[in-house]
Amino acid sequence: MSRRCELTGKGPMSGNNVSHAKNRTRRRFLPNLNDVTLQSESLGRGFKLRISAAALRTVDHRGGLDAFLAKAKDVELSENALKIKKDVAKAQTAQA
């Protein structure tokens with residue numbers, strides 16, 4: 001299982017541990033990933049995704065999974081999220 005957010009593409013970063021004596025050793029900063037089930041209003045079902053806490057707040061701020069995916073760039077989304085985005089767009093055009 002990769003350490004990458006399925007909605008934002010946020011992944012591990014590298015940096016230094018810096019001691020009081022300014023000794024530097026390499027370290028990794030991992031994203032705060034959570035397993036969540038997000039509900040799609042247009043499809044009427046839930047999807048299990050592994051997303052960062054920041055992405056979860058953004059989904060809530062934008063008004064749900066459907067609204068988030070409509071604005072999201074395809075480059076940042078995982079294959080699973082791209083499939084969900086395509087299904088949501090198809091369902092919304094069928095409703096209109």
#### Entry: Scan of the range 24-54 for residues that are surrounded by 15 or more Cβ atoms within 10 Å (Cβ to Cβ), under 23 Å from residue 2 (Cα atoms) and of a type in the set (Gly, Ala, Ser), ordered by number
52
### Summary
Picking from 3, 57, the residue that is exposed (fewer than 14 other Cβ atoms within 10 Å of the Cβ), basic (Lys, Arg), in a helix (DSSP H, G or I) and under 13 Å from the mean Cα position of the chain (by Cα) would be 57
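Which members of the range 12-46 meet the condition of being in a loop (DSSP other than H, G, I, E, B) and under 21 Å from residue 65 (Cβ atoms)? Before the answer, list the steps.
Start the filter on the range 12-46 by keeping residues that are in a loop (DSSP other than H, G, I, E, B), which leaves 12, 19-23, 30-32, 41-44.
Within the range 12-46, 31, 32, 41, 42, 43, 44 qualify.
What are the residues in the range 69-84 that are assigned to a helix (DSSP H, G or I), under 12 Å from the mean Cα position of the chain (by Cα) and either surrounded by fewer than 18 Cβ atoms within 10 Å (Cβ to Cβ) or at pLDDT below 95 (or both), if any?
79, 80, 82
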### Summary
Exactly one of 72, 89, 53 is within 26 Å of residue 15 (Cβ to Cβ) and either touching a residue at least 12 places away in the same chain (Cβ under 8 Å) or hydrophobic (A, V, I, L, M, F, W, C) (or both), and that one is 53
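Return the residue satisfying two criteria in turn: it lies in the range 8-49 and is among the charged types (D, E, K, R) and farther than 25 Å from residue 88 by Cβ, and of such residues it is farthest from the chain's Cα centre (by Cα). Outline the logic, then answer.
Start the filter on the range 8-49 by keeping residues that are among the charged types (D, E, K, R), which leaves 10, 22, 24, 26-28, 35, 41, 45, 48.
Going one step further and asking which of them are farther than 25 Å from residue 88 by Cβ, we end up with 22, 24, 26-28.
Values: 22: 35, 24: 31, 26: 26, 27: 23, 28: 19 Å.
Filtering the range 8-49 for residues that are among the charged types (D, E, K, R) and farther than 25 Å from residue 88 by Cβ, the one farthest from the chain's Cα centre (by Cα) comes out as 22.
The values are calculated or read from the model by the stated rules, or taken from the named source; none is laboratory data. In this text, all values refer to a predicted model and were calculated from it rather than measured experimentally. FYI the Cβ positions are ideal-geometry reconstructions off the backbone, even for glycines, and counts take in every protein chain you see.
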